[in-house]
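The structure appears right after this line, and notes come after that.
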Amino acid sequence: MKKTKINKAHYELKGKMVEFCGWDLPVQYSGLNAEHNAVRTTGGLFDVSHMGEVIFEGKEALEAVSYITSNNVSKLKPGKIHYSGLLTEKGCFVDDLLVYFVEEGKYMLVVNAANLEKDFNWMKEKAGHFDVSITNVSDDYSQIAIQGPNSGKLLAKFTDEDIDPMKYYTFIHGRVMGVDAIISRTGYTGEYGFEIYFKGDEKIASKMFIELAEKGKEFGIIPAGLGARDTLRLEAGMALYGNEIDNSHTILEANLSWILKFKKGDFIGKDVLLKQKEEGITRKLIGFELVDRGIARHGYPVFVDGEQFGEVTSGTYGPFVKKSIGMTYLPIDKTDIGTEFQIEIRNKMVTAKVVAVPFIDKK
């Protein structure tokens, strides 16, 4: 298995380690529910160094990134970030990603660990005719996410940068514990928080994580693993590649039209998506909660009017909302809030109803 540069810290902090996308990572430390609720109320500390970073740099970097992604890159300014889709010719997902506008002629694209090789090859193939260099710099960077209401208080102890005014989806260049870093107001939890990208060897990376964890005790911030990261993103209604988004559902069906900008110019999948928009989609991703008792897990069969329509894309018991929640695709005429349908759980039909997402109250 591959190891992040923070790997030794996880063992020192007694994380429960598992294989994830070929990486040796902590699934939990003190327990999923404890870590989940800490992020909602105080804070959590995550190693997300397995994520992939790809740099686009050159005269036509803007045009290249714009062509292979769905959002309008020309609207970004240096220090700004947006969420976007890396799309196939059918308007489905190669991956979802963040686009960082580093400086004129330079962008950093952050992709999912499981898709890094596939994404990088796709980018080179589809954007190779532009005047741009495309470089996989994933091995250069470690990434630590500090998420939760007290995350800014903890980070302020380790940097002289003024992070209080930072708005969501912005970043600055600064120093954290004396190390050059990108400090980003982003996260995958639905909470206020930061993600720190930095270079350095195993000693530097592990030291930073351990010192953040030690100082975090003062603010109720605890180390957290992959388990809590997944339940947090689900409560926040955030899609996961391989679950809600994949190469068989379009960006319109995935209810992500807000990152789809038809007026920006040509991009991969545009014609197919324009046609689908004009004709109307026949299915859509929705959030649900169970009316009956039970927990609907990923892959459980979904039934509409007695016929199987699909499967639960993600499902769990939300540790903070204290409800059995999930997401799935339904026929477009069954997607109104309050509409009921059935999920098969251990050979028993259980009633669920469509609800608004995110499942947590963002206030």
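GLY128 meets each of the listed conditions (1) at pLDDT 95 or above; (2) surrounded by fewer than 17 Cβ atoms within 10 Å (Cβ to Cβ); (3) among the small types (Gly, Ala, Ser) apart from (1).
If you go through region 322-357 and keep only what is hydroxyl-bearing (Ser, Thr, Tyr), assigned to a strand (DSSP E or B) and either surrounded by fewer than 20 Cβ atoms within 10 Å (Cβ to Cβ) or not assigned by TED's automatic domain parsing to the domain that holds PHE309 (or both), you end up with just THR351.
Results for (1) touching a Leu at 6+ places or on another chain (Cβ under 7 Å); (2) of a type in the set (Lys, Arg), shown as yes or no for each residue.
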| position | (1), (2) |
| --- | --- |
| HIS129 | no, no |
| SER133 | no, no |
| TYR141 | no, no |
| ILE146 | yes, no |
| PRO149 | no, no |
| LYS157 | no, yes |
| MET166 | no, no |
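LYS323 meets the conditions (1) closer than 22 Å to ASN71 by Cα; (2) within 23 Å of the chain's Cα centre (by Cα); (3) among the charged types (D, E, K, R) in every case but one. The failed one is (1). Need the failing condition index for LEU87 against (1) among the aliphatic types (A, V, I, L, M); (2) within 30 Å of GLY265 (Cα to Cα); (3) modelled with pLDDT under 95, just the number. For LEU87, the exception is condition (3). Restricting the first member to region 248-265 and to residues that are under 13 Å from THR313 (Cβ atoms), and the second to residues that are aromatic (Phe, Trp, Tyr), the beta-carbon pairs closer than 8 Å and six or more apart or on different chains are HIS249/PHE93; HIS249/TYR329; GLU253/TYR329; ALA254/PHE93.
Restricted to region 26-64, and to residues there that are touching a Leu at 6+ places or on another chain (Cβ under 7 Å) and of a type in the set (A, V, I, L, M), the residue that is nearest to TRP258 (Cα to Cα) is VAL54. Within region 85-120, if we keep just the residues that are of a type in the set (D, E, K, R) and free of Cβ contacts under 8 Å to residues at least 40 places away in the same chain, the residue that is surrounded by the fewest Cβ atoms within 10 Å (Cβ to Cβ) turns out to be GLU104. When TYR197 is tested against (1) free of Cβ contacts under 8 Å to residues at least 40 places away in the same chain; (2) under 22 Å from ASN7 (Cβ atoms); (3) surrounded by 20 or more Cβ atoms within 10 Å (Cβ to Cβ), just one condition goes unmet, and that condition is (1). Just one of the numbered conditions (1) surrounded by fewer than 23 Cβ atoms within 10 Å (Cβ to Cβ); (2) assigned to a loop (DSSP other than H, G, I, E, B); (3) touching a residue at least 60 places away in the same chain (Cβ under 8 Å); (4) not hydrophobic (A, V, I, L, M, F, W, C) is not true of GLU161: (3). Is one or more of the residues making up region 284-296 in a loop (DSSP other than H, G, I, E, B), farther than 16 Å from GLU340 by Cα and either among the charged types (D, E, K, R) or in the same structural domain as SER84 (by TED's automatic domain parsing) (or both)? Checked against the condition, which is being in a loop (DSSP other than H, G, I, E, B), farther than 16 Å from GLU340 by Cα and either among the charged types (D, E, K, R) or in the same structural domain as SER84 (by TED's automatic domain parsing) (or both), region 284-296 yields no hits at all. Taking the criterion of being over 19 Å from ASN112 (Cα atoms), crowded, with 22+ Cβ neighbours inside 10 Å and among the acidic types (Asp, Glu), the only residue of region 1-48 that qualifies is GLU35. Filtering region 257-272 to residues that are touching a strand residue (DSSP E or B) at 6+ places or on another chain (Cβ under 6 Å) and assigned to a helix (DSSP H, G or I) leaves only ILE259.
The values are calculated or read from the model by the stated rules, or taken from the named source; none is laboratory data. Just so it is clear, the model here is predicted, and its values are computed rather than measured. Note: ideal-geometry Cβ built from the backbone for every residue, glycine included; neighbour counts use all protein chains shown.
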